[in-house]
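Q: First, the structure itself, so that you have it in front of you.
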Amino acid sequence: MFLDRDGTLCVDVPYARRPEEIVLLPGSAEAVRCLRGSGFVAILVTNQSGIARGYFTEEDLHRMNAKLQNDLQAAGAFLDGIYWCPHHPDARCPCRKPRTLLVETAAHELCLDPARSYVIGDRLMDMQLARAVGGTGILVQSLLPEEERHAAEETASYVANGIMDAADWILAREAGREDSGPGEAAGVRNLVQSGESTWGEGGDRTPSGGGRPSSAEDPFDEL
Ligand SMILES: [Mg+2]
Ligand SMILES: [Zn+2]
């Protein structure tokens with residue numbers, strides 16, 4: 001499954017730049033542990049335009065990623081990959097969510113089928129990403145503006161009360177598929193057995209985008 005960071009796995013601190021600002025939300029580690037224990041691959045996909053904006057550096061993000069992994073591992077969980085977009089929204093790069101390059105790159109590197117994946121996030125862009133890759137979007141409820149909340153709920157396959165609820169829904173859904181016979185049942189079951197981490201490798205191989213000026217700003221594109 002593909003996980004959003006801010007507001008989904010972690011407390012949403014806008015443009016967090018220090019490791020101590022990375023704080024797991026209740027249930028995050030347990031949800032990742034349960035899903036990985038059931039054979040899922042856990043991949044973080046996150047927009048980090050604070051890098052392009054000069055608020056923090058790629059090195060800062062590496063330190064935040066390390067803090068996140070350490071906190072997860074302390075609770076028996078782990079992220080199989082961390083992929084980020086460092087670009088400014090105006091760059092119109094192919095990796096900024098809801099665009100799909102981060103998921104496509106992760107899917108290629110970890111031999112996953114995005115169409116069988118789950119995307120768990122707290123924003124409309126996460127649900128749009130799920131749609132764009134043909135996966136299943138799960139919206140974790142957060143404080144969104146009314147307009148975005150409505151659109152996100154419309155786009156999601158399930159609206160979860162926290163990430164643990166999202167995990168329970170996924171596991172129940174996959175169990176139902178297995179009961180109904182082979183075929184779809186495999187879902188995004190783990191095709192990666194080595195456990196080799198690729199975290200920290202995302203993002204920076206991505207082209208910086210064309211810099212095409214944006215006439216119509218996406219109202220949900222501010223981060
Ligand atoms: Mg978020
Ligand atoms: Zn990007």
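Q: C85's amide H: which non-local residues (gap 5+, or another chain) put their own amide H closer than 5 Å, with H modeled 1.01 Å from N in plane and none for Pro or chain starts?
A: T46, N47, Q48
Q: What list of ³J(HN,Hα) couplings, whole Hz, do you get for segment 153-161 from phi and the Karplus terms 6.51, -1.76, 1.60, once you set θ to phi - 60° and write x for glycine and proline?
A: Result, ordered by residue: 5, 5, 7, 6, 7, 8, 10, 9, 8 Hz.
Q: Using Cβ contacts closer than 10 Å as the measure, can you line up M164, M64 from fewest to most?
A: In increasing order of surrounding Cβ atoms, one gets M164, M64.
Q: Would you mind checking which residues have amide H under 5 Å from T136's amide H? H placed 1.01 Å from N; only 5 or more apart, or other chain.
A: Here S117, Y118, V119 satisfy the definition.
Q: So what is log10(I(q)/I(0)) for segment 2-167 at q = 0.15, 0.17 1/Å, when the Debye sum runs over its Cα atoms only?
A: Rounded to two decimals, the profile gives -0.78, -1.03.
Q: Turning to a different aspect of this structure: Stretch E153-H108 to full length: gain in nm at 0.36 nm per residue minus the Cα-Cα span?
A: 13.3 nm
Q: Also, I was wondering about something else. Tell me, what ³J(HN,Hα) does each residue in segment 135-144 have, in order and in whole Hz, if you take phi through Karplus 6.51 cos²θ - 1.76 cosθ + 1.60 with θ = phi - 60° and put x for Gly and Pro?
A: Here the 3J(HN,Hα) series is x, 10, x, 10, 8, 8, 4, 8, 7, 10 Hz.
Only the coordinates and a few stated rules stand behind these numbers; no lab work does. Being a predicted model, the structure only gives us computed values, none of them experimental. Don't worry about glycine lacking a Cβ; one is built from the backbone with ideal geometry, like all the others, and counts go over all protein chains shown.
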